[in-house]
Amino acid sequence: MGLVLVTGATGEVARGVLPTLEKNFELRLLSLDPPGGDPRHVRADLLDWAALARAMAGAEQVLHLAVAPGHSGVWEDDAFNDQRFDVNVKGTFHVFETARRLGVRRVVQVSSVMVTWGRGMAALRSGGGPVPGDAEPRPVGTYALTKALGEQVARHYAEAHGLEVVILRITAPLDVSDPGLRGKAVRPQQVPVPDLAQAFAKALTVPLPGGRCHCVTVAGDSSKCLWDLGPARRLLGYEPRHRLDDLGVTFAEPFDVREPPGR
């Protein structure tokens with residue numbers, strides 16, 4: 001199995017899943033401020049073409065986790081939204097174009113369930129069925145808009161240039177090893193970190209049927225989750241190992257911004 005470049009390698013999601021992924025993959029870890037002492041870490045800005053190309057050289061796959069850091073998806077601010085467009089849209093374009101130039105085989109584009117936030121809100125109001133895991137976008141807020149545009153970049157490079165692309169719309173990770181988890185209020189779509197790591201590993205390796213671009217949602221398995229895991233099960237062979245109902249948590253409203261942020 002070839003080298004995997006992980007962008008955003010010091011972010012919250014990466015910190016959760018890397019201990020699992022490093023057991024089965026050779027990783028190179030890209031971030032703006034890498035820790036010292038680990039030769040796998042490289043410093044690069046997605047907006048720096050040359051630095052990104054050096055970091056990606058020799059990689060067969062890319063796990064694109066990097067997002068504009070510092071605030072949750074519900075945060076709105078002019079300066080920070082400019083940064084979101086720079087990182088989440090322009091940076092994603094740089095990742096895919098660099099992958100094309102270097103002959104990278106597959107890019108896993110990590111998107112957000114907030115791309116279909118509007119559909120989830122409508123489903124909750126109407127009492128309708130779950131949102132399909134590969135539904136057309138209906139973003140709410142600037143963060144979701146930038147992630148939807150990032151998905152469009154990913155689709156373009158699959159269709160126009162033949163890259164293998166898996167788009168994963170993920171929810172906020174949940175640390176199931178947290179000793180204070182029992183009784184904690186969590187959104188019913190939050191995904192346990194071990195299940196998220198499983199999804200990433202499968203997205204990097206699974207044969208892709210039919211077209212070269214596939215989009216699925218990876219959310220927590222719970223009785224109140226509003227997103228359908230069927231496409232992830234069919235494409236990835238993904239099967240959650242944790243059910244939120246069995247973890248002793250309480251369920252917050254899925255869209256209440258005062259509660260733990262969704263992704």
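Is it the case, given these coordinates, that Met121 is under 30 Å from Pro207 (Cβ atoms) and in contact with a Phe, Trp or Tyr (Cβ under 8 Å, 6 or more places away or on another chain)?
Spelling it out, it is not the case that Met121 is under 30 Å from Pro207 (Cβ atoms) and in contact with a Phe, Trp or Tyr (Cβ under 8 Å, 6 or more places away or on another chain).
Of the residues in segment 59-96, how many are more than 20 Å from the chain's Cα centre (by Cα) and under 24 Å from Ala160 (Cβ atoms)?
Here the count works out to 0.
I'd like to check something: does segment 58-72 contain any residue that is in contact (Cβ under 8 Å) with a residue 12 or more places away in the chain and in contact with a Pro (Cβ under 8 Å, 6 or more places away or on another chain)?
Taking every residue of segment 58-72 in turn, at least one turns out to be in contact (Cβ under 8 Å) with a residue 12 or more places away in the chain and in contact with a Pro (Cβ under 8 Å, 6 or more places away or on another chain).
Any residue in segment 26-40 that's at negative phi: show its pairings with residues that are surrounded by fewer than 19 Cβ atoms within 10 Å (Cβ to Cβ) and among the acidic types (Asp, Glu) at Cβ separation under 8 Å, as long as the two are six or more apart or on different chains.
Going by the 8 Å Cβ cut-off, the qualifying pairs are Leu29/Asp38; Leu32/Asp45.
Taken together, the values in this text are just the output of simple stated rules run on the coordinates, not laboratory data. Everything numeric in this text was worked out from a predicted model, so none of it was measured. Note: ideal-geometry Cβ built from the backbone for every residue, glycine included; neighbour counts use all protein chains shown.
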